[in-house]
Amino acid sequence: MSGPERIRITHDDAYHPKVDEVLAKEGSFGMRPDQMAAMMNQGKKKVSFFYSSVFYTAVAGMLGALAGWALIEPYFGEEMIRDIIKQGPDVAGADVLKLIVMAALLDLSTVGLAACFIGAIDGLVSRNWTRGLVTGLIGLGIGVGGALVIMYPSGLLYNLMQHLAFVVSGRGEQGGEMADLTAIGYVVHMVGRAAAWAPMGLVVGLGPAVAMRSKKLAFNGIVGGVLGSFLGGLLFDPMASLLQGDEAWLSRGVGFACVGLGAGAMIGLVENLAKSAWLHVQAGALAGKQFILYKNPTVLGSSPKCEIYLFKDSAIEPKHAAIHTYGTRYEIEDLDSPAGTFVNGRKVTRQPLKNGDRIYLGETVLDFSEKESG
């Protein structure tokens with residue numbers, strides 16, 4: 001008797017596109033056809049420029065600083081400043097006090113509203129209005145309170161560097177105006193202003209960190225805020241020099257805008273450089289948005305209380321899934337959702353995540369990424 005006929009599989013048979021399609025369907029365990037089609041056809045999308053944290057925190061910082069400047073500038077009194085400069089040593093104490101108070105209010109307003117806007121922006125971009133309001137108000141409180149504490153030592157540092165700038169310019173104890181500074185003195189003055197503004201950056205990015213109780217966010221906010229405020233402070237005097245004249249109010253506005261822009265941009269940049277794991281939305285209402293994983297666990301769902309708020313998707317539960325962190329490992333857990341949680345087309349209850357995994361929650365598709373070690 002002859003044995004059963006052998007089945008021969010050629011190289012073309014093994015690598016036929018139909019094989020991958022059948023295997024994917026076998027592994028889906030209940031995934032809907034539209035989700036399967038998305039998995040088979042959808043390529044990776046880049047982070048949308050407008051959803052980039054570097055972009056929107058920079059814009060928020062600039063707008064916040066401008067709002068703070070615009071709130072106080074009308075009461076600053078350009079004539080008062082000119083009169084005090086003309087009076088020299090004979091200036092009245094009340095006039096000096098008024099100028100100091102107005103300058104302090106200008107700093108408080110600028111720092112406070114920059115911190116408020118930066119605190120609120122991620123919630124607003126994610127359409128999570130409640131979180132945006134809460135983190136914005138926390139940012140405002142921390143910004144104003146922190147600026148009150150830092151303002152005096154920062155002012156002393158600025159005055160010291162300003163005096164040094166006139167000394168190296170050969171003015172000694174005479175002082176003078178910016179026009180009296182030599183090139184070296186001007187650079188010393190620039191660095192002095194930047195160094196005085198840098199501590200203010202400590203408080204600009206702390207609103208979201210306090211609201212979310214995240215040490216990682218606090219690190220990003222402090223480092224980014226200090227670097228950005230320093231860089232913005234360096235630009236303050238050059239921008240003021242370009243616009244100087246009878247329009248000193250405008251030069252101050254542009255200078256403060258540079259500080260807010262620099263602080264916001266650097267906070268976003270440090271956040272991106274320091275991230276260890278993140279989710280990138282490929283499909284859904286927030287397609288193009290990137291969510292950095294800060295909290296453990298990070299809950300995904302349709303409730304605004306979730307760390308990752310996925311709205312406008314009826315198949316997503318208020319608390320649909322959670323991502324847990326175990327050292328350098330990440331694991332996703334389905335929170336008993338009726339529609340289920342899928343990873344790479346396979347329905348899961350709890351599963352470790354690896355770089356490049358694709359997660360499906362209702363109509364939302366997210367790619368998991370993590371920074372490679374070593």
>> Taking θ = phi - 60°, what integer Hz values does the Karplus form 6.51 cos²θ - 1.76 cosθ + 1.60 yield along segment 259-265, in sequence order, with x for Gly and Pro?
In response: 5, x, 4, x, 4, x, 5
>> Taking amide H atoms as placed 1.01 Å from N in the peptide plane, list the residues 5 or more away in sequence, or in a different chain, whose amide H sits under 5 Å from that of Ala277.
In response: Leu293, Lys371
> How much of the accessible area of segment 204-295, probe 1.4 Å, is carbon plus sulfur, in whole percent?
Replying inline: 71
>> I'd like the Karplus ³J(HN,Hα) series for segment 146-158: coefficients 6.51, -1.76, 1.60, θ = phi - 60°, whole numbers in Hz, and an x wherever there's a Gly or Pro.
In response: x, 5, 4, 6, 7, 4, 5, x, 5, x, 4, 4, 5
> So what J values fall out for segment 106-121 if you push phi through Karplus, 6.51 cos²θ - 1.76 cosθ + 1.60 with θ = phi - 60°, rounded to Hz, Gly and Pro as x?
Replying inline: 5, 5, 4, 5, 5, 5, x, 6, 5, 5, 5, 5, 5, x, 7, 5
>> So, R0 is 22 Å and r is the distance between the beta-carbons of Lys215 and Ala287; what FRET efficiency does that work out to, to 0.05?
In response: 0.15
>> Taking the Cα centre as origin and putting +1 on Lys and Arg beta-carbons and -1 on Asp and Glu beta-carbons, what dipole magnitude results for segment 260-374, to the nearest 20 debye?
In response: 60
> Given Lys216/Lys347; Lys275/Lys347; Lys275/Lys295, which pairs have Cα atoms separated by over 22 Å?
Replying inline: Lys216/Lys347; Lys275/Lys347
> Summing +1 for each Lys or Arg and -1 for each Asp or Glu, what net charge is found among the other residues whose Cβ lies under 14 Å from the Cβ of Gly68?
Replying inline: -1
> Once the other residues with Cβ under 15 Å from the Cβ of Val204 are scored (Lys, Arg +1; Asp, Glu -1), what is the net sum?
Replying inline: -3
> How big is the convex hull of the Cα atoms of segment 252-314, per residue, in Å³?
Replying inline: 127
> Under 5 Å between amide H atoms, partner at least 5 residues away or on a different chain: which partners does Lys319 have, H built in plane at 1.01 Å?
Replying inline: Ser302
> In a shell of Cβ-Cβ distance under 13 Å around Asn296, excluding Asn296 itself, what net charge do Lys and Arg (+1) and Asp and Glu (-1) give?
Replying inline: +2
> Amide H to amide H under 5 Å from Leu361: which residues, 5+ apart in sequence or cross-chain, H placed 1.01 Å off N in plane?
Replying inline: Leu366
>> Suppose the chain between Thr325 and Tyr152 were pulled fully straight at 0.36 nm per residue; how much longer would it get relative to their current alpha carbon spacing?
In response: 58.1 nm
> Mean projection of the alpha-carbon convex hull of segment 239-374 over all orientations, in nm²?
Replying inline: 11.3
> Relative to the present Cα-Cα distance, how much length would full extension add between Thr182 and Asp336 at 0.36 nm per residue of separation?
Replying inline: 48.4 nm
> Roughly what would the spin-label model give for Arg346 and Leu105, points 7 Å off Cα along C-beta, in nm?
Replying inline: 6.5
> Using a 1.4 angstrom probe with every protein chain in place, what is the largest-first accessible-area order of Leu71, Leu286, Leu113?
Replying inline: Leu71, Leu113, Leu286
> Just the accessible area per residue of segment 229-310, please: how many Å² with a 1.4 Å probe?
Replying inline: 36
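The values are calculated or read from the model by the stated rules, or taken from the named source; none is laboratory data. Owing to the predicted nature of the structure, the values given are computational and were not obtained by experimental measurement. FYI the Cβ positions are ideal-geometry reconstructions off the backbone, even for glycines, and counts take in every protein chain you see. Keep in mind that these areas ignore ligands, DNA and RNA; they rest on the heavy atoms of the full protein, side chains included. Shrake-Rupley method; radii C 1.70, N 1.55, O 1.52, S 1.80 Å.
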